[in-house]
Amino acid sequence: MKTYKLIILISALFLSSAFVARGEEVNIIAQADSAYSAEKYSEAVALYSKAIKKYGTSSDLYYNLGDAYYRNGNLGKAMVCFKRSLRLDPTNDDAKQNVQFLKTKLIDRVGDSGSFFGNSFDAISNIASSNMWAWISFGLFVLVVTGVILYLFSNIVLVRKFGFFGGILCIVLMLVSISFSVHAHSLSVAKDEAVIIAPSTILSTSPRQPKDRNEEAMLLHEGTIVKILDSVTSGTGDNAVKWCEVQVDNAHRAWIKSTDIEII
């Protein structure tokens, strides 16, 4: 009896602490919303950031934080947040629209990046989350099993043909869906995409500060999205500086200080 009472007591304490934590999270978000509505965007940024750091991430929180950053005039941080929002929920249409809107506000106009096939595969994979693709795959698996049952146990020739060819089609679709699920997951956890957060930065042709104009690759501004290809650290001790080789588009790649970018 004492054991049961102890279990009940521990469970009650756990639930009460969970409710308190949830209440604190809701309170912080409400304060952030109020600050945003009052056009106190710096305060809203601080509160949304606090909620994310203390209680975990969500697509909506990153979306709200991105809005606050944009209103505060920080395009680079806003782009980071909207892209993270899409990482967590690829179906967030508001975040998609804001990414496209932000691109119209950027100073830099970069060219295409990646191949047509690769970009198309990414776009289709991001139509749904990895979990949603997994559920679609499971549904198709159920249809495959149904087709097998129809083919093996039905006495009607037309039904058997339907089960056979339908099962084959569902197998193909299931494999495609699984590949989308795996790729969507890899995109959501990838660490090779970053956003320039410095107001402006001069990229170098080598992993070091450009010594002259010949070593200056290009000038880029905040909000521009780049793909990280490699990274090296130059110098030692307090003078150590990490440089990242980035691809800006299919025609340009160069080196940039890691402090000038933020990984999505």
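The values are calculated or read from the model by the stated rules, or taken from the named source; none is laboratory data. Being a predicted model, the structure only gives us computed values, none of them experimental. Here the Cβ is made from the backbone with ideal geometry for all residues, glycine too, and neighbour counts use every protein chain on show.
Residues in region 88-134 that are among the β-branched types (Val, Ile, Thr) and farther than 24 Å from residue 220 by Cβ: how many?
The number of residues fulfilling the criteria is 3.
Among residues belonging to region 100-111 that are among the hydrophobic types (A, V, I, L, M, F, W, C) and either in a loop (DSSP other than H, G, I, E, B) or touching a Ser or Thr at 6+ places or on another chain (Cβ under 9 Å) (or both), point out the one that is nearest to residue 63 (Cα to Cα).
106
For region 115-141, enumerate the residues that are surrounded by 15 or more Cβ atoms within 10 Å (Cβ to Cβ), part of a helix (DSSP H, G or I), among the polar types (S, T, N, Q) and under 17 Å from the mean Cα position of the chain (by Cα).
Listed by number, the residues that qualify are 125, 130.
If I filter region 40-68 down to residues being of a type in the set (Asp, Glu) and at pLDDT 95 or above, which single residue comes out as farthest from residue 82 (Cα to Cα)?
This residue is 43.
Looking at region 126-148, can you tell me whether even one residue there is within 30 Å of residue 252 (Cα to Cα) and in contact (Cβ under 8 Å) with a residue 60 or more places away in the chain?
Checking region 126-148: at least one residue is within 30 Å of residue 252 (Cα to Cα) and in contact (Cβ under 8 Å) with a residue 60 or more places away in the chain.
Look at residue 85 and say whether it is at negative phi, outside the structural domain of residue 201 (by TED's automatic domain parsing) and surrounded by fewer than 19 Cβ atoms within 10 Å (Cβ to Cβ).
For residue 85, the condition - at negative phi, outside the structural domain of residue 201 (by TED's automatic domain parsing) and surrounded by fewer than 19 Cβ atoms within 10 Å (Cβ to Cβ) - is not met.
Look at region 66-82 and say how many of its residues are crowded, with 19+ Cβ neighbours inside 10 Å and either within 20 Å of residue 189 (Cα to Cα) or small (Gly, Ala, Ser) (or both).
Result for region 66-82: 9.
Based on this model, can you work out whether residue 178 counts as surrounded by 15 or more Cβ atoms within 10 Å (Cβ to Cβ) and touching a Cys at 6+ places or on another chain (Cβ under 6 Å)?
Answer is no for this residue.
Any residue at all in region 128-141 that is hydroxyl-bearing (Ser, Thr, Tyr), touching a Ser or Thr at 6+ places or on another chain (Cβ under 6 Å) and not assigned by TED's automatic domain parsing to the domain that holds residue 74?
Looking through region 128-141, at least one residue is hydroxyl-bearing (Ser, Thr, Tyr), touching a Ser or Thr at 6+ places or on another chain (Cβ under 6 Å) and not assigned by TED's automatic domain parsing to the domain that holds residue 74.
Being surrounded by fewer than 17 Cβ atoms within 10 Å (Cβ to Cβ) and more than 30 Å from residue 128 (Cα to Cα) is the requirement here; does residue 201 meet it?
no
Which residue out of 139, 114, 147, 118 is of a type outside the set (Asp, Glu) and at positive phi?
Only one candidate passes the filter, namely 114.
In this structure, does residue 178 turn out to be touching a residue at least 12 places away in the same chain (Cβ under 8 Å), over 27 Å from residue 62 (Cα atoms) and part of a helix (DSSP H, G or I)?
It is true that residue 178 is touching a residue at least 12 places away in the same chain (Cβ under 8 Å), over 27 Å from residue 62 (Cα atoms) and part of a helix (DSSP H, G or I).
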